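Enquirer: My structure is below; once you've seen it, I'll send some questions.
The values are calculated or read from the model by the stated rules, or taken from the named source; none is laboratory data. Computed from a predicted model, the values in this text were never measured in an experiment. Methodologically, a virtual Cβ is constructed for each residue, glycine included, from the backbone with ideal geometry; neighbour enumeration extends over all protein chains shown. Accessible surface areas use protein heavy atoms only, side chains included; no ligands, DNA or RNA. Shrake-Rupley method; radii C 1.70, N 1.55, O 1.52, S 1.80 Å.
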Amino acid sequence: MHIDLYERFWMWSAAMICAALFGAIVYGLVGEHTRPPSHIETIDPTAVWSDPRFAQRGVTTNPDGSVTVTAIAMMFAFQPGEIRVPAGRPVTFRLTSPDVVHGFEIAGTNANTMVIPGYVAQFTTTFAPGEYLIVCHEYCGLGHHAMMGKLIAEEGL
Ligand code: CUA
């Protein structure tokens, strides 16, 4: 079968783009430890503030030494706005929103999730010592650009 040169060129170009995109996915999974969120837990978004799961926000140390962070993302702040966790130990985040869709990204780490009203977003990660900026990466309104927080990972906490 004869395939025209230009046809061949575009076929190979398309194949190479597909290979590059697939490579980016594999790199994200293997090199950057990116994992799609798989936790499914619902919550009444109108009753977030009185829900016992979010009544006490902040950092809790579990009996096994791991840490749980309970936080709310709302227009236009994270509650609590400053989070202090131990470095080098698994930290599980539990987040929800009482209003609109927000994002929760800890810059420079693999911590990144959407925070959707009606759902509890949960993921676990570990931090190197340092101070990290938390940003909202879903446009949530006029104050979106000012919605940020701080995470401090300390050694020996
Ligand atoms: Cu919250 Cu953008």
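Enquirer: Please go through (1) aromatic (Phe, Trp, Tyr); (2) within 16 Å of the ligand (Cβ to nearest atom); (3) farther than 23 Å from ALA47 by Cα for PHE127 and return the number of the only condition it doesn't satisfy.
Expert: With (1) aromatic (Phe, Trp, Tyr); (2) within 16 Å of the ligand (Cβ to nearest atom); (3) farther than 23 Å from ALA47 by Cα applied to PHE127, the lone miss is (2).
Enquirer: Return the pairs, sorted by first residue and then second, in which the second residue is of a type in the set (Lys, Arg) and within 13 Å of the ligand (Cβ to nearest atom), the first residue lies in the stretch 55-80 and is under 14 Å from GLN122 (Cβ atoms), the beta carbons are less than 7 Å apart, and the residues are 6+ apart or on different chains.
Expert: From residues that are under 14 Å from GLN122 (Cβ atoms), there are no pairs.
Enquirer: Ok, one more. Please pick out the residue among TYR139, TYR119 that is over 14 Å from ILE83 (Cβ atoms), within 16 Å of the ligand (Cβ to nearest atom), among the hydroxyl-bearing types (Ser, Thr, Tyr) and free of Cβ contacts under 8 Å to residues at least 24 places away in the same chain. Outline the logic, then answer.
Expert: Details: TYR119 fails: free of Cβ contacts under 8 Å to residues at least 24 places away in the same chain.
Of TYR139, TYR119, the one residue that is over 14 Å from ILE83 (Cβ atoms), within 16 Å of the ligand (Cβ to nearest atom), among the hydroxyl-bearing types (Ser, Thr, Tyr) and free of Cβ contacts under 8 Å to residues at least 24 places away in the same chain is TYR139.
Enquirer: Let me ask something else. Can you report the number of residues in the stretch 66-115 which are surrounded by fewer than 19 Cβ atoms within 10 Å (Cβ to Cβ), of a type in the set (A, V, I, L, M) and within 16 Å of the ligand (Cβ to nearest atom)?
Expert: 6
Enquirer: A follow-up question, please. List the pairs whose first member sits in the stretch 28-50 and is within 20 Å of ALA107 (Cβ to Cβ), whose second member is aromatic (Phe, Trp, Tyr), and whose Cβ atoms are under 8 Å apart, counting only residues at least 6 apart or on separate chains?
Expert: ARG35/PHE123; PRO37/PHE123
Enquirer: Of all residues in the stretch 145-157, count the ones that are open to solvent by 40 Å² or more (accessible area, probe 1.4 Å) and either within 16 Å of the ligand (Cβ to nearest atom) or under 16 Å from the mean Cα position of the chain (by Cα) (or both).
Expert: Quick first cut of the stretch 145-157, residues open to solvent by 40 Å² or more (accessible area, probe 1.4 Å) only: 145-146, 148, 150, 154-157.
From what's left, either within 16 Å of the ligand (Cβ to nearest atom) or under 16 Å from the mean Cα position of the chain (by Cα) (or both): 145-146, 148, 150.
Qualifying residue count, the stretch 145-157: 4.
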